[in-house]
Amino acid sequence: MARRTTQSARSGAQKNRTPNRRTPAQTAKAAPRPQPAAASQQPEQQEKPADRPAADTTADRPAADTTAERPEAQKRGEVTAQREERYGLTAEPPEFHRAYHFQPPEEQHGIMAIDAASKAMLARMTGGVTPFGLTSKFFTWWLHAASSPGKQVQLADHAMRSWARFFGFAAHATQSAEADPCIEPMEHDHRFDDDAWHQYPYNLMQQGFLLTQDWWYRATNDVDGLDRHDEQVVSFVTRQMLDLVSPTNFLWTNPVVAERTREEGGRNLIRGAEHFVEDWERLTSGRLPVGAEDFVPGRDLATAEGRVVHRTHLMELIQYTPKTDKVAAEPLLIVPAWIMKYYILDLSPDNSLIRHLVDQGFTVFAMSWRNPDARDRDLGMEEYAAAVEAAFDAVQAIVPERKVHGVGYCLGGTLLTAKAAQMARDGQDRLASLTLFATQTDFSEPGELGLFISESELSYLEHMMWDRGYLDSHQMASAFQLLRSNDLVWSRYIQEYLLGEREEMFDLMAWNADSTRMPYRMHSEYLRRLFLENQLSNGKFELGGGPVAVSNIAAPIFCVSTTRDHIAPWQSVYKLHLLADTDITFVLTNGGHNAGIVSEPGHAGRRYRIRCTREGERYLAPETWREHAEQRDGSWWPELTQWLREQSGGETDPPAMGTETYRPKEEAPGTYVFQR
């Protein structure tokens, strides 16, 4: 009976659907509420002519009955609509109809604020890493591994074979230092490069550790039925735990440290303890690391001449003084990432890209982002995009009637790409070209950084940021260091605290220590909308009131990526070819995320590959492109300046410094760069 009643209700709802096929819930909202039969008939009785015979009313009775049936059907449809409205049922399942809407904890239900407060407190103890997400992934891995007897047999067999080789190696190693090792370190692992690791008994420690590491890698990978992302997370965390107990990290198991301690009578350990105390005091007091005081912006770094010509709450716009009699007609606007200080592109005078571009005859403008605090907690992606819009307005007011060469670095390039797509959507032809450094536009394969991106982690991070109003700079730096813990954490620990040797500070390291905070809302939005939901590549990223599409960008693109980039892997950056429908000149240079970009002419050991993919040309897979691209030695900077000249409309006299509206203010590097 209940099933028949439900079918009747659905039938009534279908009879009352409007021609545009609205759902019952939509019909109930759009249509006026049906009135009772007597009320609905009353207006008809009032409209009858006064001299109409009574017999006509009897003749109309069948029509009145039909009319009486319609409100009954409408009632059934209304009941169904109300039921769907009450229980959240729509024509499309709600699980697939949910759109992202930023809702801070203070706007959520009062009871839910308890979750936010408790998780924010717990996040302080875990450094912002969710224990819930990691626990669930390890449990999922264990469950799949426990239900795979074939995998278990395979691992047991591999363990027996490995330890059989190890005991054979141990027997030979006690007699000769020339014994062939059981296993070699991975290509990027340089912890055991010293010859002392080939001497007994340290070679046994080294081989035992590498065999254990290899076994755990096999145990956490290629597990039947386990999601690949879960495998990568479990394997990564397991490797970090093993690195913690590596024989290189302890005094008596590291032959280099043991020998130094014997030679110096332990004085190296005393110096290491002093270094540790000094570093801890600087960290807790918010001071920069030892040696960074020798690299001050405006004195040692960021020394290119210029003036601040525009300032908003979020950014300062710097116009640089021209150094040539003639300059390219179109100016350059540099949009750096907001997670870094802009002067990565204006380090020392001999490796400053901004100075290089000015010397090559370009009018250069650069944005310097504000270092936000708790008062800026509600600033989001829209506000940062509006700051880029304000910079474009200022540049085109100072250099009127000219398009702009847009240059973006890292996430600044992602924001600039989204802004360029918005301008293309809105019919604003403002770009002469688009240059991107280490910039991702498709985040489906973000590399090792994607290991930290999950709903559990983001939710946990949002609660922590909600409590403070921002993400602390040290937490972002720690996340990047964790990706390369052997090079950035443990090698420094061994050198400075066990060997007692301070690493010499240099300009790039000093800049890296001068990190910034990120507002709560903006950081949440860009992690969710870009990394987690990959909205920019699938046409769902909204800016300026509507979605934007990279394919709408018509300006030619010059894109630079690096071979050892652990933040924006070059294969991920290369996905731009699948999104943009324009000429793309792609450069792949050796080096890392920062060192590969700071690649001035004359830098020893630099080389790169370059190839232009024309609009409409067939797509090449990344490795295929690498095979076809021409390899050249030296810096890629001259390639950029030559390409920019080709996209420019000749030369002209240098523009004046600012205008009446955009009056020059402080000397470069401005004031925001000193905020900490």
Options 134, 155, 122: the member that is part of a helix (DSSP H, G or I), over 30 Å from residue 473 (Cβ atoms) and either more than 39 Å from the chain's Cα centre (by Cα) or of a type in the set (A, V, I, L, M) (or both)
155
Checked pairs for segment 133-154, first more than 14 Å from residue 235 (Cα to Cα) and in contact (Cβ under 8 Å) with a residue 40 or more places away in the chain, second hydrophobic (A, V, I, L, M, F, W, C) and surrounded by 13 or more Cβ atoms within 10 Å (Cβ to Cβ), C-beta under 7 Å and 6 or more apart or across chains, list as 144/223; 144/226; 148/223; 151/145; 151/223
Given the structure, is residue 284 open to solvent by 30 Å² or more (accessible area, probe 1.4 Å) and among the hydroxyl-bearing types (Ser, Thr, Tyr)?
yes
Residue check for residue 208: in contact (Cβ under 8 Å) with a residue 24 or more places away in the chain, surrounded by 16 or more Cβ atoms within 10 Å (Cβ to Cβ), touching a Gly at 6+ places or on another chain (Cβ under 7 Å) and not aliphatic (A, V, I, L, M):
no
Please state which of the following conditions residue 384 fails to meet, knowing it meets all the rest: (1) more than 29 Å from residue 527 (Cβ to Cβ); (2) in a helix (DSSP H, G or I); (3) in contact (Cβ under 8 Å) with a residue 60 or more places away in the chain.
(1)
Specify which of the listed residues (344, 339, 354) is in a helix (DSSP H, G or I) and within 24 Å of the chain's Cα centre (by Cα).
344
Could you tell me which of the residues 189, 180 is modelled with pLDDT under 95, open to solvent by 50 Å² or more (accessible area, probe 1.4 Å) and part of a loop (DSSP other than H, G, I, E, B)?
180
Counting just the residues of segment 597-622 that are touching a residue at least 12 places away in the same chain (Cβ under 8 Å) and basic (Lys, Arg), which one comes out farthest from residue 351 (Cα to Cα)?
614
Collect the residues in segment 310-362 that are of a type in the set (Val, Ile, Thr) and at pLDDT 95 or above, keeping them in residue-number order.
312, 318, 321, 324, 327, 334, 335, 344, 354, 358
Looking at 575, 540, can you tell me which residue is farther than 28 Å from residue 488 by Cβ and of a type in the set (Lys, Arg)?
540
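Quick one: which of 433, 459, 515, 444 is at pLDDT below 85 and either farther than 16 Å from residue 592 by Cβ or assigned to a loop (DSSP other than H, G, I, E, B) (or both)?
Within the list 433, 459, 515, 444, the selection yields 459.
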Within segment 634-676, considering residues that are free of Cβ contacts under 8 Å to residues at least 40 places away in the same chain and within 22 Å of residue 357 (Cβ to Cβ), the one most open to solvent (accessible area, probe 1.4 Å)
646
Could you say whether any residue in segment 285-302 is modelled with pLDDT of 95 or more, of a type outside the set (Val, Ile, Thr) and closer than 15 Å to residue 365 by Cα?
yes
Only one of (1) surrounded by fewer than 16 Cβ atoms within 10 Å (Cβ to Cβ); (2) of a type in the set (A, V, I, L, M); (3) in contact with a Leu (Cβ under 9 Å, 6 or more places away or on another chain); (4) assigned to a helix (DSSP H, G or I) does not apply to residue 251, and that is (4)
Got a number for residues in segment 543-582 being among the small types (Gly, Ala, Ser), open to solvent by 10 Å² or more (accessible area, probe 1.4 Å) and in a loop (DSSP other than H, G, I, E, B)?
6
Tell me, yes or no, whether segment 225-237 has at least one residue that is in a helix (DSSP H, G or I) and under 19 Å from residue 207 (Cβ atoms).
no
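Give the residue that is surrounded by the fewest Cβ atoms within 10 Å (Cβ to Cβ), with candidates limited to residues of segment 519-542 that are among the charged types (D, E, K, R) and free of Cβ contacts under 8 Å to residues at least 60 places away in the same chain.
540
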Under 30 Å from residue 135 (Cβ atoms), aliphatic (A, V, I, L, M) and either touching a helix residue (DSSP H, G or I) at 6+ places or on another chain (Cβ under 6 Å) or assigned to a helix (DSSP H, G or I) (or both), is that true of residue 241?
yes
The one condition residue 506 fails out of (1) surrounded by 19 or more Cβ atoms within 10 Å (Cβ to Cβ); (2) on the phi < 0 side of the Ramachandran plot; (3) over 21 Å from the mean Cα position of the chain (by Cα) is (1)
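The values are calculated or read from the model by the stated rules, or taken from the named source; none is laboratory data. The structure displayed is predicted, hence computed values, not measured ones. Ideal geometry is used to build each Cβ from the backbone, glycine not excepted, and the neighbour counts take in all protein chains shown. Quick note on the areas: whole protein, heavy atoms, side chains included, nothing else; ligands and nucleic acids left out. Shrake-Rupley method; radii C 1.70, N 1.55, O 1.52, S 1.80 Å.
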